[in-house]
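In what follows, a single structure is set out as structure tokens and then discussed.
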Amino acid sequence: MPRGRFITFEGGEGAGKSTQAQRLGVWLKARNIDVLLTREPGGSPGAEAIRQLLVTGDAGRWNALTETLLHFAARNDHVLRTIEPALADRHWVICDRFVDSTVAYQGYGLGVDRAFIAMLEKSVLGGLRPDLTLFLDLPVETGLARAASRRGGEDRYETMDIAFHERLRHGFHEIAARDPARCVLIDATEDVDAVQRQVIGAVVSRLLAPAR
Ligand code: TMP
């Protein structure tokens with residue numbers, strides 16, 4: 001039986017991922033595709049509990065390695081209890097952030113050994129890979145200004161310095177460049193409808209267009 005497809009959204013703070021993930025969900029449902037919208041950190045009861053440890057409190061609350069392990073602990077629960085069952089049930093899973101966020105934030109941003117992150121990825125995910133990853137890209141200052149206007153308490157990463165956010169943006173660019181078959185860079189400086197057109201364009205050409 002065919003499985004569903006797995007789409008992830010990635011990007012820095014305030015890039016508009018959640019809005020675009022929801023809009024894509026509505027667009028796919030209108031085409032009679034069963035959709036599960038989820039997010040990281042979170043997406044299962046256990047992972048949502050771990051999320052609170054990660055996104056609240058002081059920037060220096062965790063050692064970078066502890067933080068990496070917490071993200072993977074949450075991800076393991078999320079994959080086992082939410083993502084895999086939905087894909088097996090032929091749902092298209094749209095996930096707001098996934099493992100590329102750990103590579104960008106904890107690897108490029110906080111300096112955790114990327115080979116160690118790759119090892120955790122292999123153990124926790126096995127062969128699970130997104131079919132398509134959409135990187136919503138915009139200048140760091142623009143994203144942080146947008147994010148600051150909407151947050152209620154979940155701002156631990158936003159309080160990290162600009163250099164950290166520049167490093168993770170650079171990280172997302174490198175990840176996307178290394179894996180062009182999976183990744184599409186989206187210009188998120190445009191208005192929300194124009195960004196959605198780019199997102200839909202990528203989904204149609206990568207996942208819905210008939211095989212060439
Ligand atoms: P959100 O703001 O997109 O809901 O994500 C919560 C925060 O968690 C965001 O600041 C990015 C951060 N994060 C990481 O640092 N590493 C990860 O692996 C994930 C999934 C998120």
For this session: State yes or no: is residue 142 farther than 15 Å from residue 170 by Cα, open to solvent by less than 40 Å² (accessible area, probe 1.4 Å), more than 12 Å from the ligand (Cβ to nearest atom) and polar (S, T, N, Q)?
Result: no
Exercise. Counting only residues that are under 30 Å from residue 50 (Cβ atoms) and among the basic types (Lys, Arg), which one in the stretch 154-212 is most open to solvent (accessible area, probe 1.4 Å)?
Worked result: 178
Exercise. Can we say residue 19 is within 23 Å of residue 168 (Cα to Cα), at pLDDT 95 or above and open to solvent by 50 Å² or more (accessible area, probe 1.4 Å)?
Worked result: yes
Problem set entry | Out of 80, 132, sole residue that is away from the ligand (no atom under 14 Å from the Cβ), closer than 22 Å to residue 4 by Cα and open to solvent by less than 10 Å² (accessible area, probe 1.4 Å) | 132
Exercise. In the stretch 114-122, is there at least one residue being β-branched (Val, Ile, Thr) and over 22 Å from residue 165 (Cβ atoms)?
Worked result: no
Exercise. If you go through the stretch 152-159 one residue at a time, do you hit one that is within 12 Å of the ligand (Cβ to nearest atom), touching a residue at least 12 places away in the same chain (Cβ under 8 Å) and more than 19 Å from the chain's Cα centre (by Cα)?
Worked result: yes
Exercise. Taking the condition assigned to a helix (DSSP H, G or I), farther than 28 Å from residue 198 by Cα, within 11 Å of the ligand (Cβ to nearest atom) and hydroxyl-bearing (Ser, Thr, Tyr), does residue 68 pass?
Worked result: yes
Exercise. When the residues of the stretch 34-45 are filtered to those that are more than 10 Å from the ligand (Cβ to nearest atom) and open to solvent by 30 Å² or more (accessible area, probe 1.4 Å), which remaining residue is nearest to residue 170 (Cα to Cα)?
Worked result: 37
Problem set entry | Residue that is assigned to a loop (DSSP other than H, G, I, E, B), more than 10 Å from the ligand (Cβ to nearest atom) and out of contact with any His (no Cβ under 6 Å at 6 or more places or on another chain), where the choices are 73, 59, 49, 115 | 59
Seminar exercise, completed: Considering residues that are of a type outside the set (Gly, Ala, Ser), outside any helix (DSSP H, G or I) and touching a residue at least 12 places away in the same chain (Cβ under 8 Å), the number found within the stretch 180-210 is 7
Exercise. Given the conditions (1) touching a strand residue (DSSP E or B) at 6+ places or on another chain (Cβ under 7 Å); (2) not in a helix (DSSP H, G or I), and given that residue 127 satisfies all but one, which numbered condition is not satisfied?
Worked result: (1)
Seminar exercise, completed: When every residue in the stretch 88-109 that is within 8 Å of the ligand (Cβ to nearest atom) and assigned to a loop (DSSP other than H, G, I, E, B) is compared, the one least open to solvent (accessible area, probe 1.4 Å) is 98
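The values are calculated or read from the model by the stated rules, or taken from the named source; none is laboratory data. Note that the structure is a prediction, hence the values are computed from the model and not measured. Because the Cβ atoms are built from the backbone with ideal geometry, glycine has one as well, and the counts that use them run over all protein chains shown. For the accessible areas, the whole protein counts, side chains as well, though only heavy atoms, and no ligand, DNA or RNA atoms are used. Shrake-Rupley method; radii C 1.70, N 1.55, O 1.52, S 1.80 Å.
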